[in-house]
Amino acid sequence: MASMQHYAFLILVESSGNTSLNSQGSGVVRLSVATLSSLRAAERLVSELVAQGVNQIELSSSFGEAGEKLVKTVVADSGAEHLVSVGRVRFA
């Protein structure tokens with residue numbers, strides 16, 4: 001049996017009260033999509049996702065370099081830097 005793959009897509013929309021999370025799974029794939037109102041909220045959610053065994057985290061471009069670095073630091077501090085890939089959407 002294949003192991004579960006958990007992918008998370010995080011969208012930063014810095015606006016009060018703009019935080020939500022939706023997760024769905026089918027078979028061996030679970031997708032989580034979140035809108036977050038702040039980097040602090042993202043930091044908390046990433047810690048939870050890592051504890052749940054997330055494999056990949058994709059960040060919206062609105063995270064910028066600082067947000068991407070913050071998320072990578074949270075992943076590294078959890079000891080999961082070799083288990084969790086972090087990427088960010090970039091526009092040319």
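The values are calculated or read from the model by the stated rules, or taken from the named source; none is laboratory data. Please read these numbers as outputs of a predicted model, since none were measured by experiment. FYI the Cβ positions are ideal-geometry reconstructions off the backbone, even for glycines, and counts take in every protein chain you see.
Below, the figures for the structure above:
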| item | result |
| --- | --- |
| Test: residue in the range 11-19 that is farther than 15 Å from GLY87 by Cβ, in a helix (DSSP H, G or I) and in contact with a strand residue (DSSP E or B) (Cβ under 8 Å, 6 or more places away or on another chain) | no |
| ARG40 vs. criteria more than 20 Å from ASN55 (Cα to Cα) and among the basic types (Lys, Arg) | yes |
| From the options VAL50, VAL29, residue that is within 10 Å of the chain's Cα centre (by Cα), of a type in the set (Val, Ile, Thr) and surrounded by 12 or more Cβ atoms within 10 Å (Cβ to Cβ) | VAL50 |
| Qualifying residue in the range 6-20 (condition: modelled with pLDDT under 95, more than 10 Å from the chain's Cα centre (by Cα) and surrounded by 15 or more Cβ atoms within 10 Å (Cβ to Cβ)) | yes |
| Matching residues, the range 26-58, being part of a strand (DSSP E or B), under 17 Å from SER78 (Cα atoms) and in contact with a helix residue (DSSP H, G or I) (Cβ under 8 Å, 6 or more places away or on another chain) | ILE57 |
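Conditions tested, residue by residue: (1) surrounded by 18 or more Cβ atoms within 10 Å (Cβ to Cβ); (2) in a loop (DSSP other than H, G, I, E, B); (3) free of Cβ contacts under 8 Å to residues at least 12 places away in the same chain; (4) among the charged types (D, E, K, R).
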{"position": "SER3", "(1), (2), (3), (4)": "no, yes, no, no"}
{"position": "GLN24", "(1), (2), (3), (4)": "no, no, yes, no"}
{"position": "ALA66", "(1), (2), (3), (4)": "no, no, no, no"}
{"position": "VAL75", "(1), (2), (3), (4)": "yes, no, no, no"}
